[in-house]
Each structure stands twice: as C-alpha cells, then as structure tokens.
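Scroll down for the structure; my scribbles are underneath it.
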Amino acid sequence: MFSSPRIGRCAITTALYVAVASSLATSAVAQERFVLRYKFAKNETVRWQVVQEAKVSTTMAANMQTAQTESRSVKIWKVKEIKDNGDVVFVHSVDKVLMRQKLTGRAEVVYDSESTDPPPAGFEQAASNVGIPLTEVTMNPTGAVVDRNDLKEQYRPGGDSPMTIPLSEEPIKVGDRWHQAQTITVKLKSGLEKAIKCRQQFTLKSVKDRIAVIQMETVVLEPVHDPAIEAQLVQQATKGTIRFDIAAGRVIEQQMDISERVVGAFGPASSFQFEMKFHEQLVNEKGDAIARVSNSTTGEPPKKK
C-alpha cells in the first residue's frame, strides 16, 4: 500500500516547521543575556551533600605507594541577614562527616561523626569541626566574600578556601567567559615557597529551564618545567561542571574530576598519579537531592512544564 502524497507533504512540512522552530529557539537562548546572582532569604538554611574521593599513587624505583581518601559530609549555611545592597550574612558549618583513609600496607582507618567511638589518630581536628558554627561570612550577590570571621580557630595551610564559585558581574550569554585571579603556593626543593600565578576560568556552556551549566577549570599563567612543582599544582587545580539555578540563585550541583600523571616528580625513575572526584549537590533536611529549587524564595511562581 502506498501512502498518500498529501500526507507525505504534510509530514515533511511539519518536520521542517519543528526543525526551524527548534533552531530559532536555540538561537534565541544563545543570544539571550543572563544575570547570575546568589539569592537567599533571611533565616533560611541551605544544605549541600559533599563527596570527595582522592587517590595518590607514587612510584619510585619500581616501588609503588598508594594513599586513598574519601569524605562524605553535609555543608550547611544558616542565613542570618540580607542587607539592603543584597549582601548575605550566613554561618557556615559542617554536619555528618564520614571519612576513610587507606595507605599501602596499612589497615583502613574510618571516622564516623555519628559513631560514639572516639576519632582515630589524625582525625581529631576534623572531629572537632563537626556540628558547630565555624565561620560567619558576608558575601555579595556575585559570590565575593566581603567579610569573614572565624567562630572557631581554623588551620588552613593553603590559605582561605573559596566559599563558592564567583559569578560574572556582567550579564552574559552562552559561550561567554569570566575569570578570577588565583595564586597557588608550592614548595621548592630548597624549602622555600613560590607563588604560581593562575586563574579560575568559567564558561557559560548552556542554559535550559533556567539552569545554567558552567564549565570551570584552573589555568596556569606561567611556564612550569619542574615536575615536582607540577605534582603540587595538579593537586590544587580544579576542572569540572557547575549547575546553577538562575531563578533560585544558588548552586545546585558541582562535579569535578581530575586525573593527572607527572613523570619525574621525585627523581628520574619516579612517577606521580593524582586522581580526584568531587561532587556537591543541594539537598533537603532529610538529605534527599533537590533537582530544582522552589521559586518561593524569589517571589516567582513555579514554571509550568
């Protein structure tokens, strides 16, 4: 049986219409400029589940040593105040920590904050930071820290870590980039320290249903020819993807994956392999993932799908 030519022409016309409409919609999103800003409400409590895994393998003269670590925790921000200029004041704390460490030739060591057992040796500092206010932060809508006050003395050998990702100060469209200067401090063989100039580079890759997908990576801005320095840099670099809810004004997910190998980091016959996976996801009080935040905090009605 042959199909009707009329039906065939209608099907082709419909397909072309859909294709053109889809192309126009994609083009419109590509040209639209988006304003990315953090938005919170007074007395709001925001939680993220954080999972980080790292594996370091060192080979020297055919002898390999491996160190593996894993941590699972919940990061909490309790919002105290929203200032007239949009700055948010919140208290940062950490809850429910589970940490594992495994070294070659040794038994695995585990610390669970929900266990009544005392923390193993080496985990005392981490245990003392669980479940208490750690830092009060004032942050502007683009993520820059205006003021930071430690409520508990902190040991930060690498300096203050960023509270969140910085956002572009200007409206941006898909494909646009913005940067933040960064300095990574490394140790030289002489025992002295050296600051390596880098930058965090962010690219708006796409926007769908008001969720912005942002690519982030560390770019080293000066030549590095010493494998020992390279081995330190790869451990502090970042590369991954962030999902930011434009309407709700917050990060809902981060995924970082790094796998780098450096030859000669500890001598001609040595190699250094670093693997890291980092995942952070917005969760509710029960710990369930929040795929999309309610628009109630922004005063906007939820969008129909």
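Bear in mind these aren't lab numbers, they're just calculated from the coordinates by the rules spelled out. Just so it is clear, the model here is predicted, and its values are computed rather than measured. Virtual Cβ from ideal backbone geometry, glycine too; neighbours counted across all protein chains shown.
List, in order, the whole-Hz ³J(HN,Hα) value for each residue of the stretch 36-47 obtained from phi through the Karplus relation with A = 6.51, B = -1.76, C = 1.60 and θ = phi - 60°; use x for Gly and Pro.
Per-residue couplings from phi come out as 9, 9, 6, 9, 9, 10, 4, 6, 6, 10, 10, 10 Hz.
Run a plain Debye calculation on the stretch 148-288 (Cα atoms as equal point scatterers, no solvent) and give log10 I(q)/I(0) at q = 0.14 Å⁻¹, rounded to two decimals, same order as the q list.
Taking Cα atoms of the stretch 148-288 as identical point scatterers yields -0.82.
What's the extension gain from GLU170 to ARG199 if we count 0.36 nm per residue and subtract their Cα-Cα distance?
Full extension of this stretch gives 8.6 nm more.
Roughly how far apart, in whole Å, are the Cα centres of the stretch 211-252 and the stretch 54-76?
Taking the Cα centre of the stretch 54-76 as reference, the centre of the stretch 211-252 is 20 Å away.
Compute the distance in nm between two label points, each set 7 Å from the Cα along the Cα-to-Cβ direction, one at MET60 and one at GLU217.
3.2
Could you list HIS179, HIS279 so that the one with the fewest beta carbons within 10 Å of its beta carbon is first and the one with the most is last?
Fewest-to-most ranking of HIS179, HIS279: HIS179, HIS279.
What nm value, rounded to one decimal, do you get for the distance between ALA67 and LYS42 when each label is placed 7 Å out toward the C-beta?
Rounded to a tenth, the inter-label distance reads 4.7 nm.
Determine, for the stretch 61-196, the count of lysine pairs separated by eight or more sequence positions (or lying on different chains) whose alpha-carbon distance falls under 28 Å.
Lysine pairs meeting the criterion: 13.
Length gain on complete extension for the stretch GLU114 to ASP150, per 0.36 nm per residue less the alpha carbon to alpha carbon distance?
Stretched out fully, the GLU114 to ASP150 stretch lengthens by 10.5 nm.
Using the Kirkwood radius over C-alpha pairs as Rh, can you work out the diffusion coefficient of the stretch 34-298 via Stokes-Einstein at 25 °C, viscosity 0.890 mPa s, in µm² per second? Please list the in-between numbers first.
On the way: Rh = 20.4 Å.
Estimated diffusion coefficient is 121 µm²/s.
Starting from the Cα of ARG33, move 7 Å in the Cα-to-Cβ direction to define the label point; list residues of the stretch 202-229 whose amide nitrogen is under 16 Å from there.
204
Compute the length gained on full extension between LYS96 and ALA181: take 0.36 nm times their separation in residues and subtract their Cα-Cα distance, giving the result in nm to one decimal.
Working: separation 85, 0.36 × 85 = 30.60 nm, distance 3.28 nm.
Length difference between fully extended and current span is 27.3 nm.
Can you sort TRP178, TRP48 by how many other beta carbons sit within 10 Å, fewest first?
In order of increasing Cβ crowding within 10 Å: TRP178, TRP48.
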